[in-house]
Amino acid sequence: MPAHRHVVPPYAARGHLTLDESELRHWGQELGRAISPPLLITLTGELGVGKTTLAQAICRGYGVSDEITSPTYALIHEYRAPKSAVFHIDLYRLESTEQLTNLGWDEIVSSRALVLIEWPERAGSRLPDDHLPIDLDYVPDDPARRILLAG
């Protein structure tokens, strides 16, 4: 399934929507410090654009002290933070929405936790409407920077 694509405003590259990796990490940590549970955040973008990097930064800011790794093969990693549990979910390898039931999807998305979901479009209609969407995209002609669209 292709990722959802945003229309990028023509002057976005001149504003504060483009970030290098250190700025992306800083932005994610600040977001993590500012949020409170329950909150579901979706991270959308092409393969390799920085979704896991951003998820790691959000977790750090939120107070996760464990090593934060990509859940690509495990599908779900659970962490502890002072405010709540954190679920980092990667649906890239999901073959059908029916598999969500076996992952404990309904319990996770209704929990009083921070839930970060990469490749959320693979959840189809089972993705709750009430979530914070964040989309990352490549900046044309600048491989070191990303366009970040949130909200």
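Working carefully through the options Leu54, Leu43, Leu24, Leu114, find the one that is in contact with a helix residue (DSSP H, G or I) (Cβ under 9 Å, 6 or more places away or on another chain), more than 22 Å from Asp142 (Cα to Cα) and surrounded by 13 or more Cβ atoms within 10 Å (Cβ to Cβ).
Among Leu54, Leu43, Leu24, Leu114, only Leu114 is in contact with a helix residue (DSSP H, G or I) (Cβ under 9 Å, 6 or more places away or on another chain), more than 22 Å from Asp142 (Cα to Cα) and surrounded by 13 or more Cβ atoms within 10 Å (Cβ to Cβ).
Filter the stretch 69-90 for residues that are closer than 19 Å to Gly50 by Cβ and modelled with pLDDT of 95 or more; which is surrounded by the fewest Cβ atoms within 10 Å (Cβ to Cβ)?
His77
Against the conditions (1) on the phi > 0 side of the Ramachandran plot; (2) surrounded by fewer than 19 Cβ atoms within 10 Å (Cβ to Cβ), where does Trp119 fall short? Just the number, please.
Here Trp119 clears every test but (2).
Report whether or not Arg93 is within 14 Å of the chain's Cα centre (by Cα), more than 13 Å from Ile41 (Cα to Cα) and surrounded by 12 or more Cβ atoms within 10 Å (Cβ to Cβ).
no
Checking Arg145 against (1) out of contact with any His (no Cβ under 8 Å at 6 or more places or on another chain); (2) open to solvent by less than 20 Å² (accessible area, probe 1.4 Å); (3) more than 18 Å from Pro71 (Cβ to Cβ), which single condition isn't satisfied?
Answer for Arg145: the failing condition is (2).
From the list Pro37, Pro2, Pro9, pick out the single residue that is out of contact with any strand residue (DSSP E or B) (no Cβ under 9 Å at 6 or more places or on another chain), open to solvent by less than 80 Å² (accessible area, probe 1.4 Å) and either at pLDDT below 90 or closer than 16 Å to Ala85 by Cα (or both).
Pro9
If you scan the stretch 126-136, which residues turn out to be open to solvent by 30 Å² or more (accessible area, probe 1.4 Å) and touching a residue at least 12 places away in the same chain (Cβ under 8 Å)?
Once the filter is applied, which keeps residues that are open to solvent by 30 Å² or more (accessible area, probe 1.4 Å) and touching a residue at least 12 places away in the same chain (Cβ under 8 Å), the stretch 126-136 yields Arg126, Leu127, Pro128, Asp130, His131, Leu132, Pro133.
The values are calculated or read from the model by the stated rules, or taken from the named source; none is laboratory data. Owing to the predicted nature of the structure, the values given are computational and were not obtained by experimental measurement. Here the Cβ is made from the backbone with ideal geometry for all residues, glycine too, and neighbour counts use every protein chain on show. In case anyone asks, the SASA skips ligands and DNA or RNA and just uses the protein heavy atoms, side chains included. Shrake-Rupley method; radii C 1.70, N 1.55, O 1.52, S 1.80 Å.
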